[in-house]
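Remarks on the structure that follows.
Every read-out reported here was derived from the displayed coordinates using simple, explicitly stated rules and does not represent laboratory data. Given the structure is predicted, the values throughout are model-derived calculations rather than measurements. All Cβ positions, glycine included, derive from the backbone under ideal geometry; neighbour counts span all protein chains shown.
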Amino acid sequence: MIEVGTRSVLLIDDDDSLRRVMEFTLDQAGWRVLLAADGEAGLALFRQERPAVVVTDIQMPGMSGMELLAAVRELDPSAVVVMITAYGTVEKAVAAMKQGAYDFLTKPFSRDELRLVLERAWSFLDLQKENRRLRDALATREDFSLVVGNSDVMREVFERVRRVAASEASVLLEGESGTGKELIARAIHQQSDRRDGPFVAVNCAAIPADLLESELFGHVKGAFTGAIRDRRGKFAQADGGTLFLDEVAELPSEMQPKLLRALQEREIEPVGGLPGKVDVRLVAATNQNLDQALAQGRFREDLYYRLAVVPLRLPPLRARREDIPLLVRHFAGKYGGGDFAPAALQALTAYPWPGNVRELENAVQHALVLRQGGVVEVADLPEKITRTPLSPSGGVVTLPEGGYSLEALEKEVVVEALRRCGGNQTRAAAFLRIPRHTLVYRMEKYAIPRLSDDGAEAATATADVAGKEGTRPS
């Protein structure tokens, strides 16, 4: 397949002499030229090489230029096709333009006319690319605000996005539903060198297993029952840009080796067709525990390492509660404006948000619609939020159904305080509002080791507590 951005043209004409003249003219002008003597050969060459521009005669034996135009546009709706017509068939050329042809040349035409039409076609391609970039940039500015935040944890995410965007490495985004994985994927694309290329998103869980191969890799006419025309897959659509595979853990086992091959070889094989090269940067996402899927044999280990060259975990909203007032103001502005009473903001900040930012946006919209005055009060919030009990500090205390050991909770609180304070006992005691000797007593009681400055032992102790006691309260 021709590299994206190459000035390339496919010339299709059954007139050998005209074909040679056009080839010489455009080769001298710096174009990479492909040749075909009939429509069938031209379509096969287009499918394999994907040139930037197609120039085809309307009147040819076998597949006509009009039929070729329809087939090329089916493969690539943005394809630029120039029709060649004789004086007596100008009406057909006009009809072709109505069906998506870019322009037409009337025989006999000069070399200058040919060069001029091709230069205009190339400028048109540049304009298409710029429009696509602006649309993607606008979408990103509108949507990326859903994951905006000033919390330390989100600043770390944004910094990693900036670093990973500069590379070509595959990225695996991990996080709960509603944390903004697709928006982060768009941000990676927009900050990368591929920003001028397409961003194509696919939800693996939303596509039936028997259609997924065709959806990703495309198919050719007649490949299976119902394949009445050629179809480009998502990989081909994302050529030169970024492909986002959401819910990648739902990928059927029979599709995993095919995806692995596409990543390793940078080559895809449409159903019923021939292999072809693609230039795609892959960003995948999951809300599942892929380590567990690996252990159970539901996900290939070699594919996992291809996808997770750079893993990036997005925090749930409850882990960055300080961002909630900022997000509330943003969503309030998005849906017409409105102030939230301090008590309402406290209730929103305290709620655990199992649906994350997506659920918060829904709650803000709900409150703005149902508010009885100018200010949103607690009573205007969804009932599930107002029913949530607040701890004295304003946080939410959620205990597992089977109960929880108070001693385990106390140990976990001490370990977490030490971790946050870098192992400094004086600061940890002040953080917990207890005397230092009380903290030391608790450390000895629960066999909590003295911590290094990096808090590594605290993290280990926290994991030990979680492993022994099950789900911890939040």
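Assorted remarks:
- As a proxy for reagent exposure, ranking E156, E444, E23 by other Cβ atoms within 10 Å from fewest up yields E444, E156, E23.
- Placing a pseudo-label 7 Å from each Cα along the Cα-to-Cβ vector at E156 and L211 gives an inter-label distance of 4.1 nm.
- Both radii were evaluated on the Cα set of the range 185-343; the Rg over Rh quotient, with Rh as the Kirkwood radius, amounts to 1.08.
- Net length available on complete extension from A295 to R436 is 46.4 nm, with 0.36 nm assigned per residue and the Cα-Cα distance removed.
- Seen from Q365, the other residues with C-beta closer than 12 Å to its C-beta sum to a net charge of 0, counting Lys and Arg as +1 and Asp and Glu as -1.
- The ranking of C421, C204 by Cβ neighbour count inside 10 Å, starting from the fewest, reads C421, C204.
- Computed label-point distance, nm, for sites S167 and T426 using a 7 Å Cα→Cβ extension: 4.1
- Taking Lys and Arg as +1 and Asp and Glu as -1, the other residues whose beta-carbon sits under 12 Å from that of P275 total +2.
- Rg/Rg_ref, the chain, where Rg_ref = 2.2 N^0.38 Å and atoms are Cα: 1.30
- Pairwise FRET efficiency - F224 versus S405, Cβ, R0 = 56 Å, nearest 0.05: 0.45
- Within the chain, DSSP assigns beta bridges of which about 5% are antiparallel (rounded to the nearest 5).
- Computed E for Q264/D126 - FRET, C-beta separation, R0 30 angstrom, nearest 0.05: 0.40
- Here the alpha carbons of the range 8-129 define both size measures, Rg and Dmax, at 12.8, 35 Å.
- Here the residues M60, M97, M83, M443, ranked from fewest to most Cβ neighbours within 10 Å of their Cβ, fall in the order M97, M443, M60, M83.
- Computed FRET value (nearest 0.05) for E254 with F109, which takes r as the C-beta separation and R₀ as 45 Å: 0.30
- Computed [θ] at 222 nm, deg cm²/dmol, the chain (DSSP H ≥ 4; -39,500 (n - 2.57); rounded to nearest 500): -14500 deg cm²/dmol
- Charge context of D380, other residues only, Cβ under 15 angstrom, K/R +1, D/E -1: 0
- Rounded tilt (10° steps) of 152-165 against the dominant C-alpha axis of the chain: 20
- Between helix 436-445 and the chain: long-axis angle, C-alpha atoms, 0 to 90°, nearest 10: 80
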